[in-house]
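Worksheet: the structure to be examined is printed underneath.
The values are calculated or read from the model by the stated rules, or taken from the named source; none is laboratory data. As the structure is a computational prediction, the values presented were derived from the model and not from experiment. Counting neighbours? That spans all protein chains shown, and the Cβs are built from the backbone with ideal geometry, glycine included.
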Amino acid sequence: MVNLLVFQFHYLLAEFSCLENVMIPAIKLGKLSEQEIEARAYEKLKMLGLQDQALKPASKLSGGQQQRVAIARALINDPLIIMGDEPTGNLDSKNTDIVFDIFQELTRSYGQTIIAVTHDDEFAHKSDRIIEMKDGEILR
């Protein structure tokens, strides 16, 4: 089981294509051939509506597209748990809704668990469960 993080900033390699960025964790894991990894990367990009951007440099995408590429990268090795550190913190409300919908689809259709830290009350209240913390203490 591989767990991955989706950060507030996407941390894509700007000079690499979207496809290459998504492939990196699977290449590093080394369990599949490069052809299998590429096919999986295209599949993840397609799931997130980005298959037409696969060969484009990551630096040429909008912020929302870059964050979806980061999600695809987190999904490439089919983790059971995905952790998000303010995964929508740099996005406008439209792209925040898109990312939230993607997270919901992942939990419902693929059985993946999403744990997200957020200061966005609207994002939190749409979630299945909220654990509120302050100064390192659980409030509720």
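For the condition modelled with pLDDT under 90, under 24 Å from F16 (Cα atoms) and crowded, with 19+ Cβ neighbours inside 10 Å, what is the one hit in R73, R68, R40? Checking each option against the conditions leaves just R68.
For segment 56-85, a tally of residues being in a loop (DSSP other than H, G, I, E, B), out of contact with any strand residue (DSSP E or B) (no Cβ under 6 Å at 6 or more places or on another chain) and not basic (K, R) returns 6.
Looking across segment 13-28, the residues that are within 18 Å of the chain's Cα centre (by Cα) and not β-branched (V, I, T) come down to L13, A14, F16, S17, C18, L19, E20, N21, M23, P25, A26, K28. Answer yes if at least one residue in segment 37-55 is out of contact with any His (no Cβ under 9 Å at 6 or more places or on another chain), under 19 Å from I82 (Cα atoms) and either outside any helix (DSSP H, G or I) or of a type in the set (S, T, Y) (or both), and no otherwise. Looking for residues that are out of contact with any His (no Cβ under 9 Å at 6 or more places or on another chain), under 19 Å from I82 (Cα atoms) and either outside any helix (DSSP H, G or I) or of a type in the set (S, T, Y) (or both), one finds at least one in segment 37-55, hence yes.
I'm trying to understand the selection: among the residues of segment 94-139, which are assigned to a strand (DSSP E or B) and over 13 Å from the mean Cα position of the chain (by Cα)? V117, M133, K134, E137, I138 - these are the residues of segment 94-139 that are assigned to a strand (DSSP E or B) and over 13 Å from the mean Cα position of the chain (by Cα). Annotation: of all residues in segment 89-121 being charged (D, E, K, R) and surrounded by fewer than 13 Cβ atoms within 10 Å (Cβ to Cβ), the one that is nearest to A72 (Cα to Cα) is D101.
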